[in-house]
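Visitor: Provided herewith is a single structure, encoded as structure tokens, for subsequent inquiry.
The values are calculated or read from the model by the stated rules, or taken from the named source; none is laboratory data. These numbers were taken from a predicted model, which means no experiment stands behind them. We place every Cβ from the backbone using ideal geometry, glycine too, and count neighbours over all the protein chains shown.
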Amino acid sequence: MLTEARMDTMAAIYRRRTVRSYAPARVEKATIEQLLDAAVRAPTALYQEPWAFAVIQDEEHLRRYSDRAKALGFAVGVLNLAEVKHELGIPESGAAVAPIILGVPKGSIPAGSRKAPEVLSWV
């Protein structure tokens, strides 16, 4: 479960890392539930709160979806395939919009460099 320690917004942004390799350990169910509870607090248009989640921890499903995502070039496409939506209980009229990957990093992750922001206009 997440600790009570809080991180300010700028620190969270600058300390973020891109993880490409994960340890076999699973993220605890209580931690995922706490993160989902925080996620539904985001603002929505017209107070619609259209939240629904599919949590995938089964290694075979993850491997299969990952292989398909690599073939398609992006994960959202895989999660919106009719057969995958059926497997995950996503209604036909629903759509996966934001796959969020949680995991335990394998080893330390160095900070990456970023290009300076390109401002196209400032009106």
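Visitor: List the residue pairs whose Cβ atoms are under 9 Å apart, where the first residue sits in the stretch 88-112 and is over 14 Å from residue 51 (Cα atoms), the second is among the β-branched types (Val, Ile, Thr) and exposed (fewer than 10 other Cβ atoms within 10 Å of the Cβ), and the two are 6 or more positions apart or on different chains.
Guide: Hits for this filter: 109/18; 112/18.
Visitor: Examine the stretch 53-71 for a residue that is exposed (fewer than 14 other Cβ atoms within 10 Å of the Cβ), touching a residue at least 40 places away in the same chain (Cβ under 8 Å) and part of a loop (DSSP other than H, G, I, E, B), and state whether such a residue exists.
Guide: no
Visitor: Another question about this same structure. Residues in the stretch 74-89: is at least one among the aliphatic types (A, V, I, L, M), touching an Asp or Glu at 6+ places or on another chain (Cβ under 9 Å) and either at positive phi or loosely packed, with under 10 Cβ neighbours inside 10 Å (or both)?
Guide: Scanning the stretch 74-89 turns up at least one residue that is among the aliphatic types (A, V, I, L, M), touching an Asp or Glu at 6+ places or on another chain (Cβ under 9 Å) and either at positive phi or loosely packed, with under 10 Cβ neighbours inside 10 Å (or both).
Visitor: Still on this structure: Please specify each residue of the stretch 43-59 satisfying the condition of being under 15 Å from the mean Cα position of the chain (by Cα) and at pLDDT 90 or above.
Guide: Within the stretch 43-59, 52, 53, 54, 55, 56, 57 qualify.
Visitor: Only residues that are closer than 21 Å to residue 15 by Cα and over 18 Å from the mean Cα position of the chain (by Cα): list them for the stretch 60-108, please.
Guide: Within the stretch 60-108, 107, 108 qualify.
Visitor: On to the next question. Quickly run through the stretch 79-90 and pick out the residues that are touching a helix residue (DSSP H, G or I) at 6+ places or on another chain (Cβ under 9 Å) and either among the charged types (D, E, K, R) or over 13 Å from residue 56 (Cα atoms) (or both).
Guide: Hits for the stretch 79-90 are 81, 85, 87.
Visitor: A further question follows. With the requirement that a residue be of a type in the set (Ser, Thr, Tyr), under 20 Å from residue 111 (Cβ atoms) and touching a residue at least 24 places away in the same chain (Cβ under 8 Å), what does the stretch 6-45 give you?
Guide: Of everything in the stretch 6-45, those that are of a type in the set (Ser, Thr, Tyr), under 20 Å from residue 111 (Cβ atoms) and touching a residue at least 24 places away in the same chain (Cβ under 8 Å) turn out to be 18, 21, 22.
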